[in-house]
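The values are calculated or read from the model by the stated rules, or taken from the named source; none is laboratory data. None of the values given here were measured: they were computed from a predicted structure. Cβ sites come from the backbone with ideal geometry, for glycine too, and all protein chains shown count toward neighbours.
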Amino acid sequence: MKERSSPTLSPVQMPRGTFDPATQAQGVATAAPGLWVSWAKHQDEVRRAQRLRYQVFAEEMGARLSGPLAGHDIDLFDDYCEHLLVRDAASDTVIGTYRVLTPAQAERVGSFYADLEFDLTRLRGLRSRMVELGRSCVHPEHRHGGVILALWGALTQFMVRNQLDVMMGCASIPMQHQGLPGGHAAASIWRQLRTTHLAPLDCHVLPRLPLPVQQLDQGLAVEPPALIKGYLRLGAKVLGPPAWDPDFNTADLPMMMRTQDLPARYRRHFAASLS
């Protein structure tokens, strides 16, 4: 079993954002019965997350993925990320995952993944304490609140113990969402959220390949995907208009959340996981 190399630097003085595996739980049961949460420590555990991602993104959502290993979603950022896994305790099946790119590792790989989709110039002052969340997915048979809360509880521990307070990432809306083809749903969701959840101007970012929202119907009454609604409940803000990702066939909304903006009820819930 191949051990993953650790991005930890000095054992005496660790920079903010350097992942310290010694402070992370080896694997903990969660408040949701039957779930087990852990950070991948071996390459085969990362492969299990990549297989779940392929199942959701390629087989279910129709993404065009190419990589070195059939049936896996793999890109160049994976080796620099920490991979969070939720398992079904009964079967040991990986049913949920996130990958997390710390500031230290973003410097090593040369950018955040979101830099490929957006001009993040206005976020440069936050980079030293900002992590990127990506490739979030949950197995279709387990899409209930318990899995997402388990992931977010572990992420809260990660942020506190690594002295980080800003989370950023791209939240995807399928180009065919709720039966509406061609990006009309994404355009309508963007119009809704820019009036209710838009970040301050000094945090706005610009898409490199914009979704042509002006050419789409923006007046449809359509609900955002469940994950985006979850982010909004946690206090996340939208940073600008969506980019179009042709490989994943999605409209990607840039989103950011500061730990200080967590609503009190979620702060209490996640604080319990730190005790």
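Condition test on Leu253, is it in contact (Cβ under 8 Å) with a residue 24 or more places away in the chain and assigned to a strand (DSSP E or B)?
Against the criterion (in contact (Cβ under 8 Å) with a residue 24 or more places away in the chain and assigned to a strand (DSSP E or B)), Leu253 qualifies.
Kindly evaluate Arg122 against the criterion of being surrounded by fewer than 17 Cβ atoms within 10 Å (Cβ to Cβ) and either under 16 Å from the mean Cα position of the chain (by Cα) or outside any strand (DSSP E or B) (or both).
It is false that Arg122 is surrounded by fewer than 17 Cβ atoms within 10 Å (Cβ to Cβ) and either under 16 Å from the mean Cα position of the chain (by Cα) or outside any strand (DSSP E or B) (or both).
If a residue has to be of a type in the set (Val, Ile, Thr), within 19 Å of Arg129 (Cα to Cα) and at pLDDT 90 or above to count, how many in region 139-179 make the cut?
Looking only at that region, the number is 1.
Can you confirm whether Leu193 is out of contact with any strand residue (DSSP E or B) (no Cβ under 6 Å at 6 or more places or on another chain) and hydrophobic (A, V, I, L, M, F, W, C)?
Numbers: out of contact with any strand residue (DSSP E or B) (no Cβ under 6 Å at 6 or more places or on another chain): no; hydrophobic (A, V, I, L, M, F, W, C): yes.
No.
Go through the residues of region 245-258 one by one and say whether even a single one is of a type in the set (Ser, Thr, Tyr), surrounded by 19 or more Cβ atoms within 10 Å (Cβ to Cβ), within 14 Å of the chain's Cα centre (by Cα) and within 27 Å of Leu151 (Cβ to Cβ).
No, that holds for no residue.
Here is a list: Gly71, Gly67. Which entry is touching a helix residue (DSSP H, G or I) at 6+ places or on another chain (Cβ under 9 Å), more than 22 Å from Ala150 (Cβ to Cβ), surrounded by fewer than 19 Cβ atoms within 10 Å (Cβ to Cβ) and at pLDDT 95 or above?
Gly71
Given the criteria surrounded by 17 or more Cβ atoms within 10 Å (Cβ to Cβ) and among the acidic types (Asp, Glu), does Glu59 qualify?
The answer is no for Glu59.
Rundown of residues vs (1) assigned to a helix (DSSP H, G or I); (2) exposed (fewer than 12 other Cβ atoms within 10 Å of the Cβ); (3) of a type in the set (D, E, K, R), yes/no style:
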position: Arg194; (1), (2), (3): yes, no, yes
position: Gln214; (1), (2), (3): yes, yes, no
position: Gly219; (1), (2), (3): no, yes, no
position: Glu223; (1), (2), (3): no, no, yes
position: Gly230; (1), (2), (3): yes, no, no
